[in-house]
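Below is one structure, written out as C-alpha cells; the observations come after it.
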C-alpha cells in the first residue's frame, strides 16, 4: 500500500504541469497575436500585394523567328608587317571610331619616311636648278645665242626634274601611309573582343586577325515571311511609312516594341520555302538586342492599346471574373470585369478597370468588399 502513494503523487504532479503548460501556451498566443496582426498576418487587417494596371500594346500580329545581326562587323587586320609594340584597349570594352587599338613598331617606317622626305627635297633642288637653266636658254634662244640642241637639252632636263619631284612626292605619300598604318585604329563604334595577337608578336600584312569589333547600335533583325504575307506587307501603305513598329520578344521572354529605323526586302522569293527575307534596322541604345541571338518579331501595322491585368489578380465565381482594387484609403473594392484575350501571363480587360488602378495580386482569398487592408505595391519588372 505504501508503494502506491508516490505513484499517485507523481501522476498528480505531471497532470498539474501539463495544465500549467497549456495555460501558458494560451497566454503566449494571446500576447503574440496582436504583434502578428501588426505585421499584416493577423485576422483584423490583412496584408496584400498590389500592382498598377497598365495600358499596353496588344496588337494581334503574326510572329516570325528573327536573327539579330550586326550591321557592321570588322575583323581588324594589319596593313603592314612588323612587331606589335603595344595593345591599347581593354578586351570586351566599347570603342569609338578613331580610337587607337594596336601599335606596330614604327621605327623602320619612320626611317623610310625620313628618306622619302630627303629624296623630295633633293628632287625639288634639282628642279629649281633645271628650271633656272631652262629659262636662261629661252632668253639665249630668243637672242640667237644658244643652239637648238642646247635649248632642247635644257628643256628635257627641266621636264625630267618636274617628273622626279612628282615621283618623290608619291614616294613620300606612300611612306606616310605605311607609317600611319603602324597605328591601328577602330573604324567603327562597337564592342571589341579578345586581343588575338599580343605585344611582342610579329604580324604579316593582311594575313592575321588582331581583334574583332561588333557594332550593336543600330542593329539588324533578319526574318522571313510567306509570299502571301509579303504581298500584304508590300500593299500596306503603313508598312512603307517611317512610323511602323515591331513587337520583339527577347530570349528571356521580355517583350519590347521598337520603331523600324529602316527596312528593305530581299529581291527574290526562295523557291524552296516560298518565303521572302525582310531586313529591319533598329536603334539599340538599351543594348537589349544582342547580335547572334534569335528573337520573335511581329510587324505592327495598326497598334491597339488596351488595359491589361496580371492573371494572378483575377478571381472567378458564378457571375464571372472580378478583381479587388485597393483605394487611396486602403480599402479593398471589388470590381467586376469584362475580359478580352489572354496574352501570356496577362489578360486584356475591356471594362471595369482604368490605368493606374492598384489591383491585388496576392492575398485575394482573404478579402471581402469594403475591407480595410494593408498594401504594398509591386513594381512592374517589364519596365525595368
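Things to note:
- For segment 174-200, the residues whose backbone nitrogen is under 12 Å from a point 7 Å from the Cα of residue 105, taken along Cα to Cβ, are 200.
- A Förster distance of 30 Å, applied to the separation of the beta-carbon atoms of residue 167 and residue 209, puts the FRET efficiency at 0.30.
- The slack in the chain from residue 311 to residue 259, taken as 0.36 nm per residue of separation less the alpha-carbon distance, amounts to 15.9 nm.
- Which of 74, 48 has the fewest Cβ neighbours within 10 Å, and the rest in rising order: 74, 48
- By the beta-carbon count within 10 Å of each Cβ, the least crowded to most crowded order of 145, 256, fewest first, is 145, 256.
- Shape category assigned to segment 107-180 from the gyration tensor of Cα positions, a/c cut at 1.5: prolate
- Inter-label distance for residue 115 and residue 279, nm, one decimal - labels placed 7 Å from Cα along Cα-to-Cβ: 4.5 nm
- For residue 252 and residue 174, the difference between the fully extended length at 0.36 nm per residue and the C-alpha to C-alpha distance is 22.9 nm.
- Cα centroid separation, segment 285-350 to segment 64-82 (Å): 40 Å
- Three-way shape call for segment 83-234 based on the alpha-carbon gyration tensor, with the a/c threshold at 1.5: oblate
- Here the contact order of segment 107-180, divided by its residue count and restricted to Cα pairs under 8 Å and six or more residues apart, works out to 52 percent.
- Put the Cα centre of segment 353-372 next to the Cα centre of segment 129-143 and the gap is 106 Å.
- Computed label-point distance, nm, for sites residue 355 and residue 67 using a 7 Å Cα→Cβ extension: 3.9 nm
- Between residue 330 and residue 151, the modelled label-to-label distance comes to 11.3 nm, taking each label 7 Å out from Cα in the direction of the beta carbon.
- Span from the segment 159-232 Cα centroid across to the segment 85-99 one, whole angstrom: 14 Å
- Proxy reagent accessibility, fewest Cβ within 10 Å first, across 89, 260: 89, 260
- Rounded FRET efficiency, nearest 0.05, which uses the C-beta distance separating residue 227 from residue 188 and R0 of 35 Å: 0.50
Taken together, the values in this text are just the output of simple stated rules run on the coordinates, not laboratory data. All figures in this text were calculated on a predicted structure; none of them were measured in a lab. Note that each Cβ is placed from the backbone with ideal geometry, even for glycine, and that neighbours are counted across all protein chains shown.
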